[in-house]
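First the structure, in the form of structure tokens, and then the observations on it.
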Amino acid sequence: ALEVAIRLFSRLDTQSVFSWAAIIGLHCRMGFNEEALSGFCEMLENGLFPDNFVVPNALKACGALQLIGFAEGVHGYVVKMGLAECFFVGSSLVDMYGKCGQVEDARKVFECMVERNTIAWNSMIVGYVQNGMNEEAMQMFFDMRVEGVEQTLVTLSSFLSASANLGALEEGRQAHALAILCGFELDNILGSSIINFYTKVGLVEDAELVFASMLEKDVVTWNLLICGCVQNGEFQKAFNLCQLMKSENLRFDSVTLTSILSMSADTTNLKLGKEGHCYCIRNKLESDVAVASSTISMYAKCNRISSAVQVFKSTTQRDLILWNSMLAAYADLSLSGEALKLFYAMQLDSVTPNVVSYNSVILTFLRNGQVNEAKDMFSQMQSLDVLPNLITWTTIISGLTQNGFASDAILIFLQMLEAGIEPNIVSIVSALSACTALASLQYGRTIHGYITRHDLCLSVPVVTSLVDMYAKCGCIYEAKKVFDLVVKKDVAVYNAMISGYASHGLAVEALSLFKHMEDVAIQPDNITFTCILSACNHAGLVSEGLEFFSDMVSKHGVKPGLEHYGCIVSMLSRSDNLEKAYELLRTMPYEPDAHILVSLVAYCKERNEIGLGEYLLEQLLKMEPDNAGNYTALSNVYASAGMWDAVTEMRKIMKEKGMHKNPGCSWIQIGQELNVFVAGDVSHPRTEEILATLALLRMEMHFIEYDPRIY
């Protein structure tokens, strides 16, 4: 009864230290922290000296308000008045510094304490967890156990939070075991901490068992389990829990609704999302920023951007989070124009964009192939002292790689390392993909060296990218070394290695690895068969290739796709079975794409099958009427048959249409030098040596009667 207490306090003839302690403590407990600190100051002005009962309350108020300057003043008072040796005051100082983000100062106070009770240890552990220093929190817990200090519910709850944040499964389970051994009651605080831990490490069933064991469950507990189910993709369980929660006559709050809307977004369940939105409106929750943000995201994921805009416009209190949610919605749907308009509109509304805002706009540009605009935005944010975070760097690197700007992607990756940002799996894989696209062995090795030096986890995506990079840069044995480093290999790693063998013409090794893959019970997928059929195609292993094609469905239950039929068509054509190849082309359950037709035309040219070549090219010209390469291919077919009038006609058509075929280009990096070769170009400084070597190779091939094949 605050008002009564204040009235009685004001009537006192003499306001003693004891009465001040009572009134300041009351303000603090009820969350009136500024009033508590005002009372502390007034007490000093009246010539009374706060004691070891008043000071902890003042420090608690400072921590709640994060008033570090005021708090340091109180700390100075503590030292001058000789109160530092009191463990109540010491614990409060540790707690205050932790809440103000000054963890090092908290540790200094803790180390100077003569007597450290459980509260002091707890304050230190909580401080570490609150400031994201989870490993330090766990070490502090271990030290506490060694010192024989008794653990409380707060200790174990904080340790469980640290374990959850680090994904430390064994440590978290030990904390759960300690709670049982110590006989702690599974109340809302402890139960919620254990549920939070199990859901964050992906053990939803264990979290459900703990939830079922709790006698009393509040809304927070229900929300934790529902949210955990959503985050782990257990959407049906989350939905069932919501229904069960409703049957228990518990009202959904903003946290519950946020989980429901997130579930609707992840499953693109517009009906459920609309029901959640309607519930928000009926229960006056639509103005809650978290709920509004989740609603916008839900509508965007369900491809209802107009509804997302409506929610955004109807929300009166638009903070930075809400603006960013709307920008993210535009990014999801690649609406770069709308995203840019909103980006400038938020600034006109006096809302300063942060790094999240810039990330969304950059992503939208990159998804639309607007690379220059994305680069400009990246430069702009840095010029305005908005520091790019890991997401920014990763977005720009992967976006540049996907849009064919591999050189720029590598340079940006190197800039990220120079800026002291540790790359994540996505940025490493994107940078390695850029190296692969450029056949840049030097940079690929640099990135591999960085991974090794920094003991970064050789995850499946990273290993797959390394194997692919080395193979495509011509270093198949280095690819094999990386492949052999991984103990637990999945199908993606095997696919990369088999593909590498196939591209190097090492069909025997590719087939052997496929057999080994079957022996260790790893199920091949459609990519595996594309790689193995490609290996058979390159090596001319027609019977083996046809056998693999047959086994796809009968033995492995993999439905052949267009790319598999393409390999078989190419394989049959190469082995002088053009009729069978064409028959398969006609009867396969897919319309042939340009790639298959072009490969077949090439073999028609070799075998002087003019009629079939003309027919296929007619189909190709219908499919790609503006592709100059198709006209050139038809011209080459006519030329091989000595039909020079037809060749002249083709060139005339190309000239009339303003077409010209881009010359073929290849490159190889030797040491620090990149050697580029363009068809018909003789500008390379060592052209004479190269041509002489090629002439010798041709003579040697002719001498051994080697039949060169087109790959």
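The values are calculated or read from the model by the stated rules, or taken from the named source; none is laboratory data. Keep in mind the model is a prediction, meaning the values are calculated, not measured. Cβ: placed from backbone, ideal geometry, glycine included. Neighbour counts: every protein chain shown. Remember, those area values only see protein heavy atoms, side chains included, never the ligands or the DNA or RNA. Shrake-Rupley method; radii C 1.70, N 1.55, O 1.52, S 1.80 Å.
Per the conditions (1) small (Gly, Ala, Ser); (2) buried (at least 18 other Cβ atoms within 10 Å of the Cβ); (3) under 32 Å from the mean Cα position of the chain (by Cα), the sole criterion not satisfied by residue 179 is (3). I'm trying to understand the selection: among the residues of region 301-310, which are under 14 Å from residue 323 (Cβ atoms) and among the small types (Gly, Ala, Ser)? Answer for region 301-310, where residues must be under 14 Å from residue 323 (Cβ atoms) and among the small types (Gly, Ala, Ser): just 308. In the set 36, 64, 22, 58, only one residue is touching a Cys at 6+ places or on another chain (Cβ under 6 Å), modelled with pLDDT of 85 or more and under 24 Å from residue 123 (Cα atoms); that residue is 36. Of the residues making up region 35-55, those that are in contact with a Gly (Cβ under 9 Å, 6 or more places away or on another chain) and in a helix (DSSP H, G or I) are 36, 54. For residue 276, the conditions (1) open to solvent by 10 Å² or more (accessible area, probe 1.4 Å); (2) more than 27 Å from the chain's Cα centre (by Cα) are fulfilled apart from (1). Within region 280-303, how many residues are in contact (Cβ under 8 Å) with a residue 24 or more places away in the chain and surrounded by fewer than 17 Cβ atoms within 10 Å (Cβ to Cβ)? Number of matching residues: 5. The helices (runs of 4 or more DSSP H) falling completely within region 404-477 that include 1 or more residues that are out of contact with any helix residue (DSSP H, G or I) (no Cβ under 6 Å at 6 or more places or on another chain) and under 18 Å from residue 390 (Cβ atoms) map to 406-418, 441-453. Being within 30 Å of residue 470 (Cα to Cα), of a type in the set (A, V, I, L, M, F, W, C) and out of contact with any Leu (no Cβ under 9 Å at 6 or more places or on another chain) is not true of residue 378.
Any idea which residue in region 76-98 is nearest to residue 58 (Cα to Cα), counting only those that are part of a helix (DSSP H, G or I) and free of Cβ contacts under 8 Å to residues at least 24 places away in the same chain? Per the stated criteria, the residue is 78.
Can you tell me which residues in region 196-221 are touching a Ser or Thr at 6+ places or on another chain (Cβ under 7 Å), closer than 19 Å to residue 263 by Cα and open to solvent by less than 20 Å² (accessible area, probe 1.4 Å)? Passing the criteria: 207, 221. Listed here are the helices (runs of 4 or more DSSP H) enclosed by region 223-291 that have at least 3 residues being within 20 Å of residue 322 (Cα to Cα) and of a type in the set (S, T, N, Q): 254-266.
Taking every residue in region 18-32 that is open to solvent by 20 Å² or more (accessible area, probe 1.4 Å) and pairing it with any residue that is small (Gly, Ala, Ser), at least 6 positions away or on another chain, the pairs with Cβ-Cβ distances below 6 Å are 26/5; 27/36.
Taking region 421-459 as the range and being small (Gly, Ala, Ser) and free of Cβ contacts under 8 Å to residues at least 40 places away in the same chain as the test, the residues that pass are 427, 430, 431, 433, 434, 437, 444, 449, 459. Under the condition of being open to solvent by 50 Å² or more (accessible area, probe 1.4 Å) and either of a type in the set (Val, Ile, Thr) or within 27 Å of the chain's Cα centre (by Cα) (or both), the residues counted in region 458-478 number 3.
A quick yes/no check of all residues on (1) open to solvent by 20 Å² or more (accessible area, probe 1.4 Å); (2) modelled with pLDDT of 90 or more; (3) under 24 Å from residue 164 (Cβ atoms):
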| residue | (1), (2), (3) |
| --- | --- |
| 76 | yes, yes, no |
| 85 | yes, no, no |
| 104 | yes, yes, no |
| 107 | yes, yes, yes |
| 114 | yes, no, no |
| 127 | no, yes, yes |
| 133 | yes, yes, yes |
| 136 | yes, yes, yes |
| 143 | yes, yes, yes |
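Screening the candidates 39, 63 for the property of being more than 44 Å from the chain's Cα centre (by Cα) and surrounded by 16 or more Cβ atoms within 10 Å (Cβ to Cβ) yields one hit, 39. Somewhere in region 183-190, is a residue open to solvent by less than 40 Å² (accessible area, probe 1.4 Å) and closer than 24 Å to residue 225 by Cα? Within region 183-190, one or more residues are open to solvent by less than 40 Å² (accessible area, probe 1.4 Å) and closer than 24 Å to residue 225 by Cα.
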